[in-house]
Protein chains: 2
Amino acid sequence: MNQSLEPRLTLAEVERFTFDVLLAAGADQPTSKAATRAMMHGTRFGVDSHGIRLLPHYVQVLNGGRVNKAPNLKVANRFGAVASLDADHAHGALAAYEAMDLATDLADQFGIGAVAIRNTSHFGPAGAYSLHAAEKGFLGITFCNSDSFVRLHDGAERFHGTNPISVAVPVSGDAPWLLDMATSAVPFNRVLLYRSLGLALPPAVASDADGVDTTDANATEMLAPLGAAFGFKGAALAGVAEIFSAVLTGMRLSFDIAPMGGPDFATPREMGAFVLALKPEAFVDRATFDAGMQRYLEQLRGSRPRDGEDVMAPGDREWRVAREREAAGVQLDPATSQAFSALAEQYDVRLPKPIDAPAS
Amino acid sequence: MNQSLEPRLTLAEVERFTFDVLLAAGADQPTSKAATRAMMHGTRFGVDSHGIRLLPHYVQVLNGGRVNKAPNLKVANRFGAVASLDADHAHGALAAYEAMDLATDLADQFGIGAVAIRNTSHFGPAGAYSLHAAEKGFLGITFCNSDSFVRLHDGAERFHGTNPISVAVPVSGDAPWLLDMATSAVPFNRVLLYRSLGLALPPAVASDADGVDTTDANATEMLAPLGAAFGFKGAALAGVAEIFSAVLTGMRLSFDIAPMGGPDFATPREMGAFVLALKPEAFVDRATFDAGMQRYLEQLRGSRPRDGEDVMAPGDREWRVAREREAAGVQLDPATSQAFSALAEQYDVRLPKPIDAPAS
């Protein structure tokens with residue numbers, strides 16, 4: 001964890017580098033733009049597992065052929081307020097942003113719009129697409145599934161992916177309310193981090209090869225669903241994401257998806273995802289909606305905290321990190337820093353310029 | 001827990017009694033029918049907290065004036081695939097079944113349909129309305145909020161209600177996939193049960209008056225959100241139910257709702273709720289959808305269990321209870337049995353006839 005040795009970089013410089021590398025690797029403009037935007041969502045909000053550390057992975061899958069460098073996205077079918085978007089094995093971020101744009105167009109016309117995404121790939125942070133809807137004034141909901149990592153409640157093998165659920169809601173005069181949660185107890189990256197630090201995991205978040213709870217990060221073979229003793233709720237929420245992402249799209253179920261980490265980086269993974277947008281003023285006048293959100297958040301943030309703790313609305317932590325990083329820049333972890341240097345050399349792209357100001 | 005002393009009753013007899021009492025108390029036919037159907041959902045599936053034990057409460061609120069005995073439900077506004085239903089302070093079950101019927105009509109026409117319910121009241125088991133959609137071939141989603149009972153993550157006062165989320169999905173040739181979960185760690189009825197049994201609660205499900213975790217049912221002043229150490233996820237899911245039920249309807253937030261248990265049973269509680277329906281074949285052909293659900297459930301039910309445990313799909317436990325109770329009948333808890341006797345006398349309605357077969 002010697003992050004303090006890495007220089008601080010502005011978000012703008014990191015964004016410029018990420019975009020230029022994708023373009024130099026042969027991705028078309030829309031792909032480079034969407035993938036960069038999604039990764040910068042992760043990096044800006046402190047969701048570093050889904051931030052620019054994914055750049056070398058995305059370069060690898062674009063070059064390998066798993067992800068299409070110049071996809072031809074098309075609406076496969078439309079019915080009233082819903083559509084299916086065939087993403088032609090695009091980068092998942094391009095597919096999800098396009099799908100959410102279509103969903104908000106439909107919601108503008110019908111009050112609600114839903115788009116099932118076919119033939120897509122890893123899209124990074126689910127919250128990026130829900131937030132995209134909220135920034136346009138809509139409620140946004142995003143689901144995806146992923147390769148298996150999480151046992152069922154009382155299960156002893158990997159079954160669901162970490163299957164995220166994200167919801168974003170516009171708030172007048174404030175940043176959107178933003179939920180982006182894995183339906184597993186913790187992300188697998190937490191396990192990897194605790195492994196490297198030699199620390200014990202919290203109880204009831206990880207299991208060994210027989211599905212038995214373990215706090216030993218090295219013995220961890222699968223994650224537990226959210227909820228500990230009530231893990232049937234977390235597993236069922238994973239099921240909601242699974243049914244919307246895979247069954248309503250006709251795409252692969254978690255246990256049929258090739259592992260994100262290869263070794264095959266050539267074959268498209270045939271993943272699905274699902275986005276939904278709602279137009280508040282189709283249900284209630286906008287002033288009532290806005291006043292409701294404001295009162296809800298005011299009461300929530302003013303609710304009595306436990307001793308020494310804070311109460312926060314979903315997204316509050318992320319918006320705070322975003323403000324900090326916009327002001328002070330961001331430090332890469334050592335592995336990503338090394339990968340950036342290699343990509344800079346390979347594609348002849350200038351590395352992000354460090355901030356001159358003295359490091360903290 | 002001397003349930004074995006109570007006689008066994010057929011579901012049909014319990015249903016007949018419940019309906020006749022509501023009608024005799026002055027509720028109109030549609031109200032009596034919908035409220036009975038919702039309570040029987042709870043009793044049939046073993047969700048007894050939301051079953052026919054609610055009958056005396058509903059009689060009280062219908063007589064008190066909180067709930068309208070002969071409401072005039074109307075669509076307050078429509079926009080494309082969505083609508084707002086003004087329930088005229090109807091029984092929540094009538095409002096929710098009507099709203100889901102409207103949502104499935106909209107979904108049939110537009111692929112998706114959503115209905116925000118205004119001026120409604122306690123609707124019992126959220127799963128009843130999602131299941132209603134699934135039985136017609138649609139995916140159904142139901143949200144509501146309720147009076148405050150659950151602290152925020154790191155909070156020290158009651159904030160959200162137990163705010164349920166329910167999703168039901170049709171499965172060709174099988175019972176629907178059915179999720180109906182409170183976003184609190186446990187229902188408050190569990191606390192009451194443990195109090196009466198003198199048992200310690202599981203860890204991290206309940207808190208004392210300062211929000212500190214307690215396993216003492218008598219010291220419990222509020223529930224914890226789902227997720228224990230990751231309770232920010234449970235609290236955020238409660239927020240999703242809250243925003244859809246109260247903000248998109250312009251109705252009361254949890255902390256503004258009068259307590260279900262009175263003492264005021266005369267004033268309408270101005271609650272909201274929200275239902276959503278999706279038509280699978282608007283997204284993907286029905287055969288693909290059906291095959292996807294079947295493969296998903298087959299793999300899920302065949303997934304390796306932990307030693308001595310079972311893996312189950314959401315709803316599997318409930319369908320098993322339903323089959324048992326349809327065959328063997330149901331026993332009332334002593335308090336409900338007493339209340340039934342009083343109602344029988346008050347309204348001159350014949351008590352459910354006990355099953356003649358020897359009790360188990």
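The values are calculated or read from the model by the stated rules, or taken from the named source; none is laboratory data. Note that the coordinates shown come from a computational prediction; the quantities given were computed from them, not determined experimentally. Neighbour counts run over all protein chains shown; Cβ positions are idealised from the backbone, glycine included.
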Of the residues in the range B:324-338 that are within 17 Å of B:LYS353 (Cβ to Cβ) and among the charged types (D, E, K, R), the one that is surrounded by the most Cβ atoms within 10 Å (Cβ to Cβ) is B:ARG325
Among the residues of the range B:294-305, is there at least one that is closer than 30 Å to A:SER84 by Cβ, modelled with pLDDT of 95 or more and not in a helix (DSSP H, G or I)? yes
Does B:ALA70 satisfy being over 30 Å from A:LYS279 (Cα atoms) and among the hydrophobic types (A, V, I, L, M, F, W, C)? yes
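One line per residue, one yes/no per condition, for (1) under 17 Å from A:PRO280 (Cα atoms); (2) touching a Ser or Thr at 6+ places or on another chain (Cβ under 6 Å); (3) in contact (Cβ under 8 Å) with a residue 12 or more places away in the chain:
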{"residue": "A:GLY137", "(1), (2), (3)": "yes, no, yes"}
{"residue": "A:GLY140", "(1), (2), (3)": "yes, yes, yes"}
{"residue": "A:GLY155", "(1), (2), (3)": "no, yes, yes"}
{"residue": "A:VAL171", "(1), (2), (3)": "yes, no, yes"}
{"residue": "A:PRO176", "(1), (2), (3)": "yes, no, yes"}
{"residue": "A:VAL186", "(1), (2), (3)": "no, no, yes"}
{"residue": "A:LEU199", "(1), (2), (3)": "no, no, yes"}
{"residue": "A:ALA204", "(1), (2), (3)": "no, no, yes"}
I'd like the full set of residues that are outside any strand (DSSP E or B), farther than 15 Å from B:PHE244 by Cβ and within 14 Å of chain A (Cβ to nearest Cβ), limited to the range B:95-124. B:LEU102, B:THR104, B:ASP105, B:LEU106, B:ALA107, B:ASP108, B:GLN109, B:PHE110, B:GLY111
Given A:ALA70, A:ALA90, which one is part of a loop (DSSP other than H, G, I, E, B), surrounded by fewer than 24 Cβ atoms within 10 Å (Cβ to Cβ) and touching a residue at least 12 places away in the same chain (Cβ under 8 Å)? A:ALA70
Name every residue in the range B:182-204 that is over 19 Å from the mean Cα position of the chain (by Cα) and facing another protein chain (nearest Cβ under 8 Å), in order of residue number. B:PRO202, B:ALA204
Those strands (runs of 3 or more DSSP E) completely within the range B:129-188 that have 1 or more residues that are acidic (Asp, Glu) and on the phi < 0 side of the Ramachandran plot are B:174-181
I need a count of the residues in the range B:184-216 that are among the charged types (D, E, K, R) and in contact with a helix residue (DSSP H, G or I) (Cβ under 6 Å, 6 or more places away or on another chain). 2
Taking the range A:1-23 as the search range and keeping residues that are surrounded by fewer than 16 Cβ atoms within 10 Å (Cβ to Cβ) and part of a helix (DSSP H, G or I), which one is modelled with the highest pLDDT? A:ALA12
What residue, among those in the range A:119-148 that are more than 16 Å from the chain's Cα centre (by Cα) and surrounded by fewer than 24 Cβ atoms within 10 Å (Cβ to Cβ), is nearest to B:ASP316 (Cα to Cα)? A:SER148
Any residue at all in the range A:93-102 that's of a type outside the set (Asp, Glu), farther than 24 Å from A:GLY65 by Cβ, out of contact with any Pro (no Cβ under 6 Å at 6 or more places or on another chain) and modelled with pLDDT of 95 or more? yes
Tally, over the range A:319-332, of residues that are closer than 16 Å to A:ARG16 by Cβ and assigned to a helix (DSSP H, G or I): 2
Within the range A:288-336, how many residues are among the hydrophobic types (A, V, I, L, M, F, W, C), within 14 Å of chain B (Cβ to nearest Cβ) and touching a strand residue (DSSP E or B) at 6+ places or on another chain (Cβ under 9 Å)? 5
Tell me which residues, restricted to the range B:213-230, are out of contact with any Asp or Glu (no Cβ under 8 Å at 6 or more places or on another chain) and not hydroxyl-bearing (Ser, Thr, Tyr). B:ASP213, B:ALA217, B:ASN218, B:LEU223, B:PRO225, B:LEU226, B:GLY227, B:ALA228, B:ALA229, B:PHE230
Within the range B:194-212, count every residue that is assigned to a helix (DSSP H, G or I) and surrounded by fewer than 16 Cβ atoms within 10 Å (Cβ to Cβ). 3
Any idea how many residues of the range A:154-193 are surrounded by fewer than 22 Cβ atoms within 10 Å (Cβ to Cβ), of a type in the set (D, E, K, R) and within 21 Å of B:PHE244 (Cα to Cα)? 1
Just checking, which of B:PHE45, B:PHE17 is in contact (Cβ under 8 Å) with a residue 12 or more places away in the chain and over 14 Å from the mean Cα position of the chain (by Cα)? B:PHE17
For the range B:213-271, which positions are away from every other protein chain (no Cβ under 14 Å), surrounded by fewer than 19 Cβ atoms within 10 Å (Cβ to Cβ) and assigned to a loop (DSSP other than H, G, I, E, B)? B:ALA258, B:PRO259, B:MET260, B:GLY261, B:GLY262, B:PRO263, B:ASP264, B:PHE265, B:ALA266, B:THR267, B:PRO268
Single residue of B:SER303, B:SER341 found to be surrounded by 14 or more Cβ atoms within 10 Å (Cβ to Cβ), among the polar types (S, T, N, Q) and on the phi < 0 side of the Ramachandran plot: B:SER303
Which numbered condition trips up B:ALA335, out of (1) closer than 30 Å to B:GLY26 by Cβ; (2) part of a loop (DSSP other than H, G, I, E, B)? (2)
